[in-house]
């Protein structure tokens, strides 16, 4: 069966629900009914001599979506595979999907020597919240990138010229291209990072920088540490923040080669190697149909 | 008699363990536990303390929620490993009379409690054959006033008939409690006997819905019940003020606790649960959300037990 077939928008939307957190959580428990359901609804005859496991079917669905329904999952996953994983290989990096900063959630963020936020705007997304999102990201990240479709480059170029732009054309051989680099800033807002840190993280930073933690109670530790952290020079604070985010690390086994269709899900669910192996061992079962 | 319905999770069990150890609820309260975890560790710890304190508790053997939900044998097998009299058998009825009758027979159970919705038709033999078994001694029915034929049927059986109400008004978000100061919570303890019930049930100051896990809240709320001058139970919600992010849960607790402690001290409210809250507040110590929940449940059960014991 080839993915050059044309599918209705409803069917594509229905397929796309397979690449969701809730679906994968069920698979991890051994419940593959969400996949069985799609097969019985659309693909009763989906077979080939060599491809007959759940994972084969999911790869097929992924390729259909990649060609015909580029939703946020597909875009993020492609960006991970085509861009970020390469960069990760070169340095000790930490990646997060859906990273909360104030009232905004950055699609992807990466910490290595510097901190970077990536905001994806598909054809379907509006730019209504973009200014307030950028305001939040600027408080914390050294570089900010927008990932936008080729057709919308002009529109997004009018935003803050410090923000980098990466354009995508997912069907071309070079899916992502840098249109404009980001200007690096080391400005870091202590109040904003206090809301990102876990309690032990801000305590560790104070202890590390000042040599000890002052006497605090659980009621006032946040305010006391915030005061001390805001006095750390920006460059040093930036580095302390990046190091702390890197040390939260999951032991991900993202791979641009194997099961690359599932990288973004691994990241979103913060799956470690063991979880990933467990998931694939379940999905390697032959289709029940 | 008060029958609080609680999930058998760690802090629910600790709540009852502490109350039993204080000898605060024996004779007037029988908790009903719905286990939601496959493991029995917390139930085991509680069992020893309940047994020593001569406190019994119902255990729902076919829970409606959680890891082992449904009509299985997991908790039946567990019950068999324990000496009789401390954990008592309870079943959720959902047109599963066969399952329950077989379980009673196969496991040689006595003194069973049946928990049902008020939509049961008493002339349906699936229910009536179960209800009339000698081994079934008690019924717990949600909002029973809405099905008079069921109520009338159960009263005629001359077994224990317990009403279940769900007075806790859950809000979409914890921060939604902020503008709600206080309101009447429950008066079943005043009227259940006059209305012909042997006891009453509720979910204490927790929502009846089962939510697995839970994320860090944006607001911390301390729900405290108390008796007013007419002996009605009222509830006050003490809610943190800075609820714009999930950071600093300790600070949010400090805000909510300050309100709660000031109110209780000004109104001379005190019991072992509130004393624990006062201690954490005075020491500026954040005990964790599980303990906050425990304090709220414990306070409520103490209020009800105190009333029932003083009648």
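The values are calculated or read from the model by the stated rules, or taken from the named source; none is laboratory data. Note that the structure is a prediction, hence the values are computed from the model and not measured. Note that each Cβ is placed from the backbone with ideal geometry, even for glycine, and that neighbours are counted across all protein chains shown.
When every residue of region B:137-151 is checked against the conditions, none turns out to be modelled with pLDDT under 95, in contact with a helix residue (DSSP H, G or I) (Cβ under 8 Å, 6 or more places away or on another chain) and part of a loop (DSSP other than H, G, I, E, B).
Counted as qualifying within region A:51-101 are the helices (runs of 4 or more DSSP H) with 1 or more residues that are under 15 Å from residue A:147 (Cα atoms), namely A:72-79.
What do you reckon, is residue A:57 at pLDDT 90 or above, closer than 23 Å to residue A:254 by Cβ, surrounded by 21 or more Cβ atoms within 10 Å (Cβ to Cβ) and touching a helix residue (DSSP H, G or I) at 6+ places or on another chain (Cβ under 8 Å)? Break it down stepwise before answering.
Working: at pLDDT 90 or above: yes; closer than 23 Å to residue A:254 by Cβ: yes; surrounded by 21 or more Cβ atoms within 10 Å (Cβ to Cβ): yes; touching a helix residue (DSSP H, G or I) at 6+ places or on another chain (Cβ under 8 Å): yes.
It is true that residue A:57 is at pLDDT 90 or above, closer than 23 Å to residue A:254 by Cβ, surrounded by 21 or more Cβ atoms within 10 Å (Cβ to Cβ) and touching a helix residue (DSSP H, G or I) at 6+ places or on another chain (Cβ under 8 Å).
Table: residues versus (1) surrounded by 15 or more Cβ atoms within 10 Å (Cβ to Cβ); (2) within 20 Å of the chain's Cα centre (by Cα).
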residue	(1), (2)
B:152	no, no
B:160	yes, yes
B:175	yes, no
B:193	no, yes
B:198	yes, yes
B:204	yes, yes
B:209	no, yes
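Between B:140, B:243, the distinction of being touching a residue at least 40 places away in the same chain (Cβ under 8 Å) and within 21 Å of the chain's Cα centre (by Cα) belongs to B:140 only.
Give the number of residues within region B:287-298 that are more than 14 Å from every other protein chain (Cβ to nearest Cβ) and in contact with a strand residue (DSSP E or B) (Cβ under 8 Å, 6 or more places away or on another chain). It would help to see each step written out before you state the result.
Of all residues in region B:287-298, those more than 14 Å from every other protein chain (Cβ to nearest Cβ) come to B:290, B:293-298.
Cutting the leftovers down to in contact with a strand residue (DSSP E or B) (Cβ under 8 Å, 6 or more places away or on another chain) gives us B:295-297.
Total meeting the criteria: 3.
The set of residues from region B:180-196 being outside any loop (DSSP other than H, G, I, E, B) and free of Cβ contacts under 8 Å to residues at least 12 places away in the same chain comprises just one member, B:191.
Closer than 27 Å to residue B:2 by Cβ and assigned to a helix (DSSP H, G or I): which single residue out of B:78, B:99 fits that description? Give the steps one after another, and end with the answer.
Values: B:99 fails: closer than 27 Å to residue B:2 by Cβ.
When all the criteria are applied, what remains is B:78.
Only one residue in A:193, A:242, A:232 is in contact with a helix residue (DSSP H, G or I) (Cβ under 8 Å, 6 or more places away or on another chain), more than 14 Å from every other protein chain (Cβ to nearest Cβ) and over 30 Å from residue A:45 (Cβ atoms), so which one is that?
Numbers: A:193 fails: more than 14 Å from every other protein chain (Cβ to nearest Cβ); A:242 fails: in contact with a helix residue (DSSP H, G or I) (Cβ under 8 Å, 6 or more places away or on another chain).
Just a single option satisfies the conditions, and that option is A:232.
Inspect all residues belonging to region B:103-117 and state whether any of them is under 28 Å from residue B:145 (Cβ atoms) and surrounded by fewer than 20 Cβ atoms within 10 Å (Cβ to Cβ).
Going residue by residue through region B:103-117, those that are under 28 Å from residue B:145 (Cβ atoms) are B:111-117.
Restricting the remaining residues to those that are surrounded by fewer than 20 Cβ atoms within 10 Å (Cβ to Cβ) gives B:111, B:117.
Taking every residue of region B:103-117 in turn, at least one turns out to be under 28 Å from residue B:145 (Cβ atoms) and surrounded by fewer than 20 Cβ atoms within 10 Å (Cβ to Cβ).
Restricting B:58, B:75 to those that are within 29 Å of residue B:306 (Cα to Cα), at pLDDT 95 or above, out of contact with any helix residue (DSSP H, G or I) (no Cβ under 8 Å at 6 or more places or on another chain) and buried (at least 21 other Cβ atoms within 10 Å of the Cβ) reduces the list to B:58.
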